Structures are given as C-alpha cells and as structure tokens.
1. Which members of segment 253-272 meet the condition of being open to solvent by less than 20 Å² (accessible area, probe 1.4 Å) and either polar (S, T, N, Q) or over 26 Å from LEU50 (Cβ atoms) (or both)?
2. Taking GLN184 and the conditions (1) closer than 26 Å to VAL163 by Cβ; (2) in a strand (DSSP E or B); (3) open to solvent by 30 Å² or more (accessible area, probe 1.4 Å), which numbered condition does it fall short on, given that it satisfies the others?
3. Which members of segment 94-153 meet the condition of being under 24 Å from GLU40 (Cβ atoms), of a type in the set (Gly, Ala, Ser) and open to solvent by 60 Å² or more (accessible area, probe 1.4 Å)?
4. Give segment 161-174 a look and list any residue that's part of a loop (DSSP other than H, G, I, E, B) and surrounded by 17 or more Cβ atoms within 10 Å (Cβ to Cβ), or say none.
5. Within segment 276-312, restricting attention to residues that are assigned to a helix (DSSP H, G or I) and within 16 Å of GLN343 (Cα to Cα), which residue is most open to solvent (accessible area, probe 1.4 Å)?
6. When segment 238-252 is examined, which residues are found to be in a helix (DSSP H, G or I), surrounded by 10 or more Cβ atoms within 10 Å (Cβ to Cβ) and out of contact with any Phe, Trp or Tyr (no Cβ under 9 Å at 6 or more places or on another chain)?
7. On the basis of being among the aliphatic types (A, V, I, L, M), without any contact (Cβ under 8 Å) to a residue 24 or more places away in the chain and either closer than 21 Å to PRO52 by Cβ or open to solvent by 60 Å² or more (accessible area, probe 1.4 Å) (or both), does LEU372 make the cut?
8. Starting from segment 319-330, keep only residues that are under 14 Å from ALA32 (Cβ atoms), then list their pairs with residues that are of a type in the set (S, T, N, Q) and open to solvent by 50 Å² or more (accessible area, probe 1.4 Å) whose Cβ atoms are within a distance under 7 Å, requiring at least 6 positions of separation or different chains.
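The values are calculated or read from the model by the stated rules, or taken from the named source; none is laboratory data. In this text the structure is predicted, and so the values were computed from the model without any measurement. Glycine gets a Cβ as well: all are built from the backbone with ideal geometry, and neighbour counts include every protein chain shown. Ligands, DNA and RNA are stripped out before the accessible areas are found, and what is left, the full protein with its side chains, is counted by its heavy atoms. Shrake-Rupley method; radii C 1.70, N 1.55, O 1.52, S 1.80 Å.
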Amino acid sequence: MARSGRIPLLIVGGGIGGLATALAASQAGYPAHVIEKAEEFTEIGAGLQLAPNATRMLDRLGIWDEIRKHAIFPKRLVMMDAVSGHEITALNLGAKFLDHFGYPYIVMHRSDLLKVELDACRRNSLITLENNREAIRIEDLGDSARVECADGSVYECEALVGVDGLWSTTRKVVHDDGDPVPAQFVAYRGTIPIEEAPPESEFDSMLLWVGPDLHFVQYSVQSGKLFNQVAVFKSYRYKEGFDDWGTVDELEEHFSKMCPRVRAAVAKIKRNRRWPMLDRLPIPNWTRNRITLLGDAAHPMLQYIAQGACQALEDAVCLGDNLKKYGGDAARAFLAYQKPRIQRTARVQNIARLFGEIKHVHGVSIQLRNALLAKRTADDFEYFEWLYGYKG
C-alpha cells in the first residue's frame with residue numbers, strides 16, 4: 001500500500017544505529033520514521049563494549065543516565081597471553097582514565113542498550129516506529145527516495161538514511177561494491193549465568209586473551225548476573241563460496257593448545273551458532289542525492305577493537321548536528337555529515353584489521369609483541385587518544 005505524502009526522514013533499519021539516528025534527528029527537530037524488517041526491535045548477540053567516544057555520544061542523545069543503570073564499569077582492560085596464561089599489558093579505567101577522557105568505558109548487554117534507545121524513541125512524539133517492513137527495493141528519485149517493502153508497502157520520503165547493516169540494501173544504491181569481505185575468522189559467543197563462570201574468572205575487568213590465529217574475550221554484563229564470552233579463531237578450512245568451515249571441531253582444535261584457564265573457559269562457550277567475521281574496504285562516498293548510509297551499512301568493520309556500535313553512535317550524533325545546521329536541506333546535511341565521518345571511520349576500519357594481525361601473530365612475533373606492549377604503563381593513554389578522545 002502506498003503512503004500518502006512524503007515522509008520527511010525515513011530510516012531503514014531499527015538496530016542500535018537506526019534508533020540512535022532517530023533520536024539525533026528528533027533533537028534537530030526532524031520527524032523520523034523508522035522501518036525495521038524484524039517482527040520486534042531486538043538485538044542479536046550478547047555483550048557490547050562502549051568506549052568513552054561512545055558513552056559521550058549516549059549523553060549527547062539524552063540517554064546516558066538510563067544507560068548507566070544497565071552498565072558494568074570494568075576496572076581494567078587486560079590483554080592476556082592465551083598460551084602462557086600471563087598478563088601482557090593492561091589499561092586502567094579508573095579515576096585517571098575518567099578524568100582524562102571525561103566519560104567511562106562500559107560493557108553491557110546489547111539488548112539493554114537497544115531497550116533504552118527504544119523506550120526513548122517511543123516517548124518521543126517526533127519518532128514513528130514500524131516492524132515487519134523489509135526494504136527490498138530503494139530508488140533514488142533525485143529530490144526524494146522511494147522504498148518498496150517485502151509486504152507490498154511503499155514509502156516516499158524527502159530523505160533516507162540506510163542503517164541496514166552489513167548486507168545493506170541501501171548501500172547498493174549508493175555504492176554497489178558486492179558482498180562483504182570474509183576475514184576467514186569465525187566467532188562463537190554467548191552469555192552464561194555468572195555462577196556458571198569458569199574457575200579463576202575475573203568479573204571486575206574485561207579480559208582479552210590472545211594467541212596464534214585466535215583470541216578470547218570475557219566480561220560481565222547485566223548487573224553482574226551474566227558472564228559474556230567470545231571465542232574467535234581463523235579457519236584453515238575456509239573456502240570461498242562454501243559454508244562448512246569454522247566448525248566446532250576447529251574451535252576445539254584451536255583452543256586445545258591454550259593454557260588451562262582458557263581451555264576451561266572455552267568449554268562453557270555456546271556452540272549452537274557461529275558468526276563469520278566480515279568487513280568491507282572503506283569507500284569514498286556514502287551519499288547519493290537525498291540518500292545516505294550510516295553504521296555498518298557505511299563502514300562495516302572487524303570487531304577487533306570493539307568499535308562497530310561506537311562508530312554508529314558517532315555517526316548518528318554527527319548526522320543530527322548537520323540536520324540541525326542545514327535545516328530542511330537534507331542533501332547538504334548528508335554531504336556535510338559524511339565529510340568528517342568517512343575519514344575517521346576508514347581509519348577505524350583499517351586499525352581494526354591491523355589490531356587483528358597484532359592479536360593473532362605466530363612464533364617469534366609473539367615474544368616481540370609481548371615485549372613491546374609490556375613497556376607501556378597501565379595509565380598510558382597515548383595509544384587511545386585519537387579514538388577515545390573524540391568529541392564530535
């Protein structure tokens with residue numbers, strides 16, 4: 001069915017980035033209409049890390065006070081050697097960190113963040129939310145855009161923001177660069193009740209265990225009731241076009257060579273689903289007339305520096321600022337929004353790939369990495385300044 005009149009701003013995708021975009025647009029005085037393909041607004045996945053560059057954006061969106069109620073505030077980020085079991089380096093997240101960056105580093109359940117956003121959107125009279133609306137065709141009409149959904153719904157809008165993720169339909173209209181790029185790595189992840197956490201678990205810090213072609217992440221979520229774990233490894237059986245790689249057998253094989261603490265922890269990992277690791281190369285343009293991209297639709301990145309959601313939140317606030325600055329001229333606002341964001345997110349995408357290589361080194365490179373990182377102190381923030389110090 002066709003909608004009468006044009007929607008001022010249509011947001012395709014109702015995940016963390018999409019709802020943040022709606023909140024940011026409403027702050028600029030824009031009515032925002034969100035369509036989401038799922039039956040409900042839900043997040044697939046478990047834990048989520050949000051660095052100061054993201055928590056600052058949550059404050060800008062007006063939801064930080066509510067987010068704090070659901071967040072865990074780790075004392076340290078710790079890199080551990082998965083083979084020897086020894087600590088390599090750490091980052092203190094206490095008073096000095098907070099004083100330096102102005103906002104904390106938090107971890108939380110993805111669904112908790114989405115619920116806070118969703119509640120804020122539902123209270124906002126400028127925001128309309130619709131489920132069961134899968135965009136299957138998007139047309140650039142020059143001074144507007146048209147969206148057709150799988151159920152036959154048709155939307156015409158003055159401006160459109162594609163926040164439809166890694167496999168974005170909107171991206172194909174703006175810059176069709178084919179399928180995402182497989183990293184040949186795969187993740188197994190999930191939460192367990194905190195009382196079932198493996199022996200020697202640390203609940204007040206975020207632990208990153210690194211080993212040859214693998215890493216393992218651990219931290220608490222949901223007020224310390226759940227323990228989130230993620231096991232990532234490179235599949236040596238990867239073959240383009242096939243799906244029989246990154247299996248449970250490979251998971252067991254990779255981690256069987258690690259230290260006892262890691263082996264005990266991996267035994268608790270859920271094995272019912274695997275997540276192939278994918279990204280895309282940075283692109284020089286996200287905008288076509290009155291259509292633009294945001295979040296993973298614009299700059300999907302590997303999870304190795306935990307910045308995917310953080311960058312989407314930065315995007316949303318930047319877009320909102322430019323919608324306010326340029327009033328009803330969405331085309332100008334979109335171009336002004338993408339100018340700083342393309343440069344920054346491209347750097348984050350590239351650093352994520354690089355950090356993956358640093359995490360997963362082999363042989364003598366392990367000793368070199370560990371020796372170099374051991375020289376930094378836990379209150380040395382130099383490496384993180386460009387990323388966590390972002391103010392928008």
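1. Here is the first cut: in segment 253-272, the ones open to solvent by less than 20 Å² (accessible area, probe 1.4 Å) are 254-255, 258-259, 262, 265-266, 269.
Across segment 253-272, the qualifying residues are HIS254, PHE255, MET258, CYS259.
2. For GLN184, the exception is condition (1).
3. Scanning segment 94-153 gives SER125, ALA150.
4. Matches in segment 161-174: VAL163, ASP164, GLY165, SER168.
5. ASP296
6. Scanning segment 238-252 gives a single hit, GLU252.
7. Numbers: among the aliphatic types (A, V, I, L, M): yes; without any contact (Cβ under 8 Å) to a residue 24 or more places away in the chain: yes; either closer than 21 Å to PRO52 by Cβ or open to solvent by 60 Å² or more (accessible area, probe 1.4 Å) (or both): yes.
Considered against the rule, which asks whether it is among the aliphatic types (A, V, I, L, M), without any contact (Cβ under 8 Å) to a residue 24 or more places away in the chain and either closer than 21 Å to PRO52 by Cβ or open to solvent by 60 Å² or more (accessible area, probe 1.4 Å) (or both), LEU372 comes out as yes.
8. GLY320/GLN27
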